[in-house]
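Coordinate-derived values only; no laboratory data. All values reported here derive from a predicted model rather than from experimental measurement. Virtual Cβ from ideal backbone geometry, glycine too; neighbours counted across all protein chains shown.
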Amino acid sequence: MRNELSLEDLMAGRSAAPVGGNRAASIGDDRPGRIFACVGDLTEFEGDAIVNAANSGLLGGGGVDGAIHRAAGPSLLAECRRIRETVLPDGLPAGKAIVTAGGKLKALHVVHTVGPVWHGGKSGEEETLASCYTESLRAAAALGIESIAFPAISTGVYGFPKSLAAPIAYGAVRAFLETSRIPRKVVFAFHDRGDLEIFLDSLDIISEKR
Ligand code: ADP
């Protein structure tokens, strides 16, 4: 992933369209230079940690989870098995996070978190999704992790609507960074351009509401 751009630059690139006020500045003023976004394969992130949208069993799965396990190699699965046999016999609850080593990944660590399955939005899905981001950042900060990349948690097989997930993800990250000097860099990595655009659209809406 070498196409990471700060949100300030991404939003500035879009503000060629006529809008009232300077949207790039109103977003960027929150946490200048610490939040980035890109289109790419999360497993190629060259930084301290990537976040896995895992399932509570922690033993691998489809989507980004499968891609991370394939890229990390068998040591990741072995460490996840040890975690299940020791500290988490019942698995990792939704909204929580736990850190392992990154195996053969370029990232040194994997922060595993379990997103909510979308059941229509009345089962606490929004709070659980926000908790995934907050708890992942808390776990990362506790280890001194300086740079971390997130996938769009729950927006694949778990069915969370992307346009609803985006402002929750951004809001949780922004709120955490207001309370902590680390991580210094947080990247939202999207699988395709359309998903990045949905994310940026939701930031437009947030900034227009201010
Ligand atoms: P969940 O079960 O939490 O919904 P998924 O892995 O099914 O998790 O999907 C989460 C998001 O990750 C989806 O938006 C999907 O497009 C994206 N995704 C899948 N593989 C990758 C990858 N290699 N890099 C970045 N994002 C990915």
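3J(HN,Hα) couplings calculated from phi for the range 139-151 with the Karplus curve 6.51 cos²θ - 1.76 cosθ + 1.60 (θ = phi - 60°) are, in sequence order, 5, 5, 4, 5, 9, x, 5, 8, 9, 8, 10, 10, x Hz; Gly and Pro show x. Label-to-label distance, Leu108 versus Arg138, with points set 7 angstrom from Cα along the beta-carbon direction: 2.3 nm. Under 5 Å from the amide H of Asn52 lie the amide H atoms of Val111, His112, Thr113, each residue being 5 or more positions distant or on a separate chain, with H modelled from the backbone and absent for Pro and chain starts. Build a GNM of the chain with springs between Cα atoms under 10 Å apart, and of Ser131, Ser163, Ser123 the one that fluctuates most is Ser123. For helix 74-85, what angle does its Cα long axis make with the longest principal axis of the chain, in degrees from 0 to 90 and rounded to 10? Rounded to the nearest ten degrees, it is 70.
When both the range 53-95 and the range 124-152 are represented by their alpha-carbon centers, they are found 16 Å apart. The antiparallel fraction among DSSP beta bridges confined to the range 47-194 stands at about 30%. Under 22 Å of direct C-alpha separation, and excluding same-chain neighbours fewer than eight residues apart, Lys96 reaches these lysines: Lys122, Lys162, Lys185.
The order of Val114, Val39, going from fewest to most other C-beta atoms within 10 Å of their C-beta, is Val39, Val114.
Scaled against 2.2 N^0.38 Å for its residue count N, the alpha carbon radius of gyration of the range 67-203 is 1.04. Among Glu79, Glu46, sorting on how many other beta-carbon atoms sit within 10 Å of each Cβ, with the fewest leading, yields Glu46, Glu79. Distance between the 7 Å Cα→Cβ label points at Asp204 and Val157: 3.3 nm.
The angle between the Cα long axis of helix 63-72 and the longest principal axis of the Cα atoms of the chain comes to about 60 degrees, rounded to the nearest 10.
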